[in-house]
Amino acid sequence: MLQSQEQINEINRQKEIKELEIQAENDPDTLVVQLPEGREALIGKSADDFVNGYKSAADFIKGRLDHYDGDLNKLANEMGYSGIAPYPDHFDFILDLITYNDDLLELIKDIDAYDSELLTDYLGI
């Protein structure tokens, strides 16, 4: 029996939710980050098994920098460090990278633009 595209989409969605639940169970510190293009990213020990998943905050920041072809100004703007020209807050971005150096995950959590939350909270479990 052939399944409709809607049924296939629902099956895939349920499979993805189950995989996310397993990730949350295995690594309750996994973080869900809301990206500006309307997608989510995961940061966790084994989150790189997912599309748009990263093992660490440093990998995430590098991935976002790669997304902008190495343009640090665009990454700073994405992260909310976009003051009014000609005085953008990009230097504050550099200072925060230095300050949070030992815990970049805390920096990502503190970035309001990312509206991040734990995967367990995101899934409501």
Report summary line: Quick calc, A58 & E16: beta-carbon distance into FRET formula, R0 35 Å, rounding 0.05, result 0.85
Query raised in the report: Using modelled backbone amide H atoms (1.01 Å from N, in-plane), which distant-in-sequence or interchain residues come within less than 5 Å of L35's amide H?
Result: E40, A41
Requested in this report: Take the Cα gyration tensor of the chain, multiply each eigenvalue by 5, square-root it, and list the three semi-axes largest first, rounded to whole angstrom.
Outcome: 32, 17, 12
Report summary line: Counting only protein heavy atoms and leaving out ligands, DNA and RNA, the solvent-accessible surface of K62 at a 1.4 Å probe, in Å² to the nearest 10, equals 120 Å²
Report summary line: Applying the gyration tensor rule to the Cα atoms of region 78-124 (axes a ≥ b ≥ c; rounded if a/c under 1.5, else prolate if a/b exceeds b/c, else oblate), the class is oblate
Query raised in the report: Among the lysines in the chain, how many pairs, 8 or more places apart or on different chains, have alpha carbons under 23 Å apart?
Result: 12
Report task. Extending each Cα 7 Å along its Cβ direction at I98 and D121, get the distance between those two points in nm, one decimal. Result -> 3.0 nm
Query raised in the report: Of the residues Q14, Q34, Q23, which exhibits the maximal mean-square fluctuation in a Gaussian network model of the chain defined by a 10 Å Cα contact cut-off?
Result: Q14
Query - Over the chain: helical MRE at 222 nm, DSSP H runs n ≥ 4 each giving -39500 (n - 2.57), nearest 500 - result: -14500 deg cm²/dmol
**Report entry** Length released on extending from K45 to F91, taking residue separation times 0.36 nm less the Cα-Cα span
**Finding:** 13.5 nm
Query raised in the report: What shape does region 1-75 have by the C-alpha gyration tensor, where a ≥ b ≥ c are the square roots of the eigenvalues, rounded means a/c under 1.5, and otherwise prolate means a/b greater than b/c and oblate the rest?
Result: oblate
Query - T120, T99, T30, ranked by accessible area, largest first (probe 1.4 Å) - result: T99, T120, T30
Report summary line: Loop-resident chymotrypsin sites (Phe, Trp or Tyr not before Pro) in region 49-125 with no more than 10 other Cβ atoms inside 10 Å, DSSP not H/G/I/E/B, are none
Requested in this report: Compute the accessible area per residue over the chain, keeping the other protein chains in place, probe 1.4 Å, unit Å².
Outcome: 65 Å²
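The values are calculated or read from the model by the stated rules, or taken from the named source; none is laboratory data. All values derive from a computational prediction rather than experimental measurement. All Cβ positions, glycine included, derive from the backbone under ideal geometry; neighbour counts span all protein chains shown. These area figures cover heavy atoms from the full protein model, side chains too; ligands, DNA and RNA do not enter into them. Shrake-Rupley method; radii C 1.70, N 1.55, O 1.52, S 1.80 Å.
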